[in-house]
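A short write-up of the structure that comes next.
The values are calculated or read from the model by the stated rules, or taken from the named source; none is laboratory data. Not measured: the values here are computed from a predicted model. Please note: Cβ atoms are built from the backbone with ideal geometry, for glycine as well, and neighbour counts cover all protein chains shown. Heavy atoms of the whole protein, side chains included, go into the accessibility calculation; ligands, DNA and RNA do not. Shrake-Rupley method; radii C 1.70, N 1.55, O 1.52, S 1.80 Å.
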Amino acid sequence: MFKNNCLKFILLSLSFICLNVSAQKDIDTKVQKLLKKMTLEEKIGQMVQLNGFWDFTGPAPKDGDGAKWKYDALKSGKVGSVLNVRGVKNVRQLQEMVVNESRLGIPLIFGFDVIHGHKTVFPIPLAESASWDLDAMENAARIAAIEASAEGLNWTFAPMVDISRDARWGRVMEGAGEDPYLASEVAKARVKGFQGKDLSDDNTLAACAKHFVGYGFAESGKDYNAVDVGTSTLYNVLLPPFQACIDANVRTFMNAFNTLNGIPATGDDFLQRDILKGKWNFDGFVVSDWGSISEMQAHGFAKDLKDAGIIAANAGCDMDMESYAYVGHLKEAVEEGTVAEALIDDAAARILKVKFELGLFDDPYKYCDTKKEKELLYHPDHKKAALDMAKKSIVLLKNEGNLLPLDKKQKNIAIIGALADEDNSPLGNWRLGTDNNTAVSFLEGFKKYTDNYSYEKGVDIFLKAEDFLHEVEVNNTDKSGIDAAVALAKKSEVVIMVLGEHGYQSGEGRSRANLDLPGLQKKMLKEVYKVNKNIILVLMNGRPLTIDWEAENIPAILETWQLGTESGNAIAETLFGDNIPGGKLTMTFPRTEGQVPIYYNYLNTGRPGPIDLVFWSHYTDETNAPLYPFGYGLSYTDFAYDNMKVVNNGNNIQVSVNVKNTGNYDGSEVVQLYIRDKVASVSRPVKELKGFEKIFLKKGENKTVNFTLTEKELGFYNNRGDFVVEPGDFDVMVGTSSLEGLSDSFEWK
Ligand code: GLC
């Protein structure tokens, strides 16, 4: 019986693979057949992406988005894609124009930033990653694809898989933190969610691995700044999440604004041709970032727009997002021989292939279903999933004296903070697809549990909480509001302070040199603390903050990030114990900005110290230790680890540990496994995450968790970019964070 089932499974898998291979061959044949019919201008047309006429997500071009020339270009088949056009009516209008009026009727592909949800907004990606729940993150991306495709879209510029160790950089909110192993697992989950099981289904989106590569290592955390990294960091930290997207069959890549070691990524043939299309054999297409081709002039890498277009096309950038280099100069470049037509053929073929895979040639209007649009956007089931994701993303940082969870009968509660009454900020940044003010605010969620509270806004934090394109203006002077907050706190039994950043204080173009609570919030908190120490701090922020004073003095701290549409409900359920927080940080919290970049998987250096003399790697005015480490997060319950076992089977290492719920609540725990390669041909980090399992244990219950380490986990990339596995001694730790667990060691022969 068992043998028959195995045989059936093998035959089924083989037939699936054969079907897939033949489908791909069929598409390749169609692509080549169509390519032969196309003129040079039409092939270049596929390589042109123009911004739509409704929104834009970058510096608007001088002649505006509604320029007549764009319509003319669309009708004459000189445009292959548009971005920021959504809504079935708008998509259909543009698609009909192109399909009916251009010579070959090649359908457009419609791209949009579907980053963490679309109409129903999920937690910002940094928050989602703190759930360590890959299935939940895949489901969140799946729902985002369902809603975005219902609006006519078929391509998302996500997942952003940039590793970052620098909370000053505003776009940390968009990624999965500092660790390449976790970020790779998250990247795969998100690509699978967006692309679904079959890209030709009408509720899928082609995903886009971005920004290739190194954007998260912008010097000084300043957006768009230069990036310089060595070979080991490039191969062992920055590239793995992009490789993971390839493993998940991601269909597009987006290159990065930054220079990598002096070369703008958009014009870097080592990255795009040698690694991506060569070593990794990527068969999808690469789009530039907004205007990044044109920006090679500012980089001092191209002398004019035509030169920039030539460099980008030769370097492997298949599509030009909004710099007009390709539409304006590529034909001339081919005619003069500075760009080979074969490269144009390859780029156009890649783009056509994805359009065929999406089914756009079978039915250019398959994403234009007004009934679906009406039914699926903001669907209640989607909100339920967003609530679940939000609850799993919350991280309990401190809970001295078990102040949390609150008793549902608790009376005389003070709620203080402008963010408590915010229904827009909790949506976070990069939520262009939704409508403003659609989040459940903290207060709306809270009052579902009790009316035994009074509210004071306190200081007005954001004088002008602008929008996606403009700065948030922060109040740094007007103290009015503090007195009322202090007066309320004085007469209350427990104080909940809801403080943090506005959703538009992180994201693109939002780097901060100071990582404290913005404005006068900390001052207000300290004034309140003078009259009532029974404080629960609820943080709403898009990046790690330097909350060292708060961590020292405030008894309970709940990190709630920007949790999206269901924010207020998720926080209230957690405060009152209907949700037991189980999130774990995926990015280190620094004590001060001076420690940044700070991360757990650092190199030991030759002088790790501490020693009595000054000659070791440290600060004279601050500890090396983070405020909160990678992988850290508490629960209302407690977990005990024991009985760690390490068995060396020769070709793999089995590690097991017993985890017991020793507290008073059922709860989830992320069991993490770290290794250290003690001696290698390249200095290796003091710790590297190489496995994790999120488990749920009822109180009193225990479970043995097993991990297997193979060459894949024990190897690394050497300075020639080769993956190597070297014999030697390894430490292994299994625990509740990157700093706490049981340790053992083994020898890999
Ligand atoms: C932006 C971002 C990129 C986004 C693109 C289109 O500048 O860098 O992540 O996908 O433009 O909006």
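Annotations for the structure displayed:
- Output for region 192-203, where each listed residue is away from the ligand (no atom under 15 Å from the Cβ) and within 19 Å of the chain's Cα centre (by Cα): Lys192, Gly193, Gln195, Gly196
- Subset of region 569-600 (residues that are crowded, with 24+ Cβ neighbours inside 10 Å and farther than 18 Å from Met540 by Cα): Ile598, Tyr600
- Hits in region 129-150 - residues which are open to solvent by 10 Å² or more (accessible area, probe 1.4 Å) and over 16 Å from Ala248 (Cα atoms): Asp133, Ala136, Ile143, Ile146
- All conditions in (1) crowded, with 22+ Cβ neighbours inside 10 Å; (2) more than 15 Å from the ligand (Cβ to nearest atom) hold for Phe253, with the sole exception of (2).
- Qualifying residue in region 691-698 (condition: assigned by TED's automatic domain parsing to the domain that holds Leu742, within 16 Å of Trp748 (Cα to Cα) and of a type in the set (Phe, Trp, Tyr)): no
- On inspection, Leu603 fails the criterion of being at pLDDT 95 or above, under 30 Å from Glu573 (Cβ atoms) and open to solvent by 50 Å² or more (accessible area, probe 1.4 Å).
- Search result, residues across region 623-638 that are open to solvent by 40 Å² or more (accessible area, probe 1.4 Å) and part of a strand (DSSP E or B): Leu634
- Count of region 231-250 residues which are away from the ligand (no atom under 15 Å from the Cβ), open to solvent by less than 40 Å² (accessible area, probe 1.4 Å) and not in a helix (DSSP H, G or I): 2
- Residue in region 500-520 that is surrounded by fewer than 24 Cβ atoms within 10 Å (Cβ to Cβ), in a loop (DSSP other than H, G, I, E, B) and more than 28 Å from the chain's Cα centre (by Cα) present: yes
- Selection of region 721-738 for residues being surrounded by fewer than 17 Cβ atoms within 10 Å (Cβ to Cβ) and either touching a residue at least 24 places away in the same chain (Cβ under 8 Å) or within 24 Å of the chain's Cα centre (by Cα) (or both) yields Gly721, Val724, Glu726, Gly728, Asp729, Asp731.
- Residue pairs whose Cβ atoms lie under 7 Å apart, sitting 6 or more positions apart in sequence or on different chains, and linking a residue in region 81-103 that is farther than 22 Å from Arg350 by Cα and assigned to a helix (DSSP H, G or I) to a partner that is away from the ligand (no atom under 16 Å from the Cβ) and polar (S, T, N, Q), are Val88/Thr370.
- Close pairs from region 170-188: first more than 16 Å from the ligand (Cβ to nearest atom), partner of a type in the set (Gly, Ala, Ser) and part of a helix (DSSP H, G or I), Cβ under 6 Å, at least 6 apart: Gly177/Ser129; Ser184/Ala244; Val186/Ser129; Lys188/Ala244
- Failed item in (1) in a loop (DSSP other than H, G, I, E, B); (2) within 18 Å of Trp561 (Cβ to Cβ), with Ala141 passing the rest: (1)
- Residue in region 128-136 that is assigned to a helix (DSSP H, G or I) and touching a strand residue (DSSP E or B) at 6+ places or on another chain (Cβ under 9 Å) present: yes
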